[in-house]
1. Residues to consider are LEU184, LEU175; find the one that is touching a residue at least 60 places away in the same chain (Cβ under 8 Å) and in a loop (DSSP other than H, G, I, E, B).
2. If I ask for residues that are within 16 Å of the chain's Cα centre (by Cα), over 30 Å from TYR120 (Cα atoms) and open to solvent by less than 60 Å² (accessible area, probe 1.4 Å), which ones from region 58-92 would you list?
3. How many of the residues making up region 95-106 are crowded, with 18+ Cβ neighbours inside 10 Å and outside any strand (DSSP E or B)?
4. Kindly establish whether ALA42 is in contact (Cβ under 8 Å) with a residue 60 or more places away in the chain and open to solvent by less than 80 Å² (accessible area, probe 1.4 Å).
5. One residue is enough: does region 131-144 have a residue meeting the conditions touching a residue at least 60 places away in the same chain (Cβ under 8 Å) and in contact with a strand residue (DSSP E or B) (Cβ under 6 Å, 6 or more places away or on another chain)?
6. Of a type in the set (S, T, N, Q), surrounded by 14 or more Cβ atoms within 10 Å (Cβ to Cβ) and in contact (Cβ under 8 Å) with a residue 40 or more places away in the chain: does that describe SER124?
7. Need the failing condition index for THR109 against (1) assigned to a strand (DSSP E or B); (2) among the polar types (S, T, N, Q); (3) over 17 Å from the mean Cα position of the chain (by Cα), just the number.
8. May I ask you to list the residues in region 156-172 that are assigned to a loop (DSSP other than H, G, I, E, B) and under 25 Å from PHE146 (Cβ atoms)?
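The values are calculated or read from the model by the stated rules, or taken from the named source; none is laboratory data. What you see is a predicted model, and the numbers here were worked out from it, not measured in a lab. Because the Cβ atoms are built from the backbone with ideal geometry, glycine has one as well, and the counts that use them run over all protein chains shown. The accessibility values were calculated without ligands, DNA or RNA, using every heavy atom of the protein model including side chains. Shrake-Rupley method; radii C 1.70, N 1.55, O 1.52, S 1.80 Å.
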Amino acid sequence: MRIDAGVSLVPSAHATVSYGVTDKIAVQGYGSAVSDGYYFQAATGYYKNLKNHSVMELYGGLGYGYSSAFNSATGGHLKGDYQLYFTQVNFGKISSPKSNFETGFGLKTGLMHSSMTDEYYYESETPKSTFDTYEDNSFVLEPVGFIRTGGDKLKFSLKVGATWMHQFTNKDKALPYTPFNLGLGVNYRL
């Protein structure tokens, strides 16, 4: 079992719990919170210990979140929920008897469905009796890399991640997102 928690520049707080049910199958839960939203995901997958203290993982799962964005140019908000259906592949080097340094890389891809209500976010207009809601489908690509160091069980981590999103629908109404993020955290292995 691994428990990972930290904070990032967005700013946000996040935590992940991963558990090896068998010597090949794992389950994972993740959650993050920001001042204007939250996101939770659950996944199950396959992992394999490779030679030379390397590990490969392949997960599939789904996530749910809520987000709100403010546009200072219009004084409006965009708010709503979204679902993400994803696969993720991870590769990393775990600590060995000679070194407590760990490093890894992950790549998550998925399809996101969002339902966002436009409260003057895209343009300010005269008062409306109802607001437009946009249903969007998007492809999401999220690479992440990390380094960890510390003791046998408790390590400190630095993570770098990016997000790229391609909307299939409502392309003239670009969804706001953070393309780059940097985080610090702690990791505990049981």
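1. Numbers: LEU184 fails: in a loop (DSSP other than H, G, I, E, B).
The conditions single out LEU175.
2. Passing the criteria: TYR59, GLY60, GLY61, PHE86, GLN88, ASN90.
3. In the first step, residues of region 95-106 are kept if they are crowded, with 18+ Cβ neighbours inside 10 Å; the result is 95, 102, 104, 106.
From what is left, the residues that are outside any strand (DSSP E or B) are 95.
Adding up the residues that qualify gives 1.
4. Values: in contact (Cβ under 8 Å) with a residue 60 or more places away in the chain: no; open to solvent by less than 80 Å² (accessible area, probe 1.4 Å): yes.
Taking the combined requirement at face value, the residue does not satisfy it.
5. No.
6. It is false that SER124 is of a type in the set (S, T, N, Q), surrounded by 14 or more Cβ atoms within 10 Å (Cβ to Cβ) and in contact (Cβ under 8 Å) with a residue 40 or more places away in the chain.
7. Just one mismatch for THR109, condition (3).
8. Within region 156-172, the subset assigned to a loop (DSSP other than H, G, I, E, B) is 163, 168-172.
Selection gives THR163 alone.
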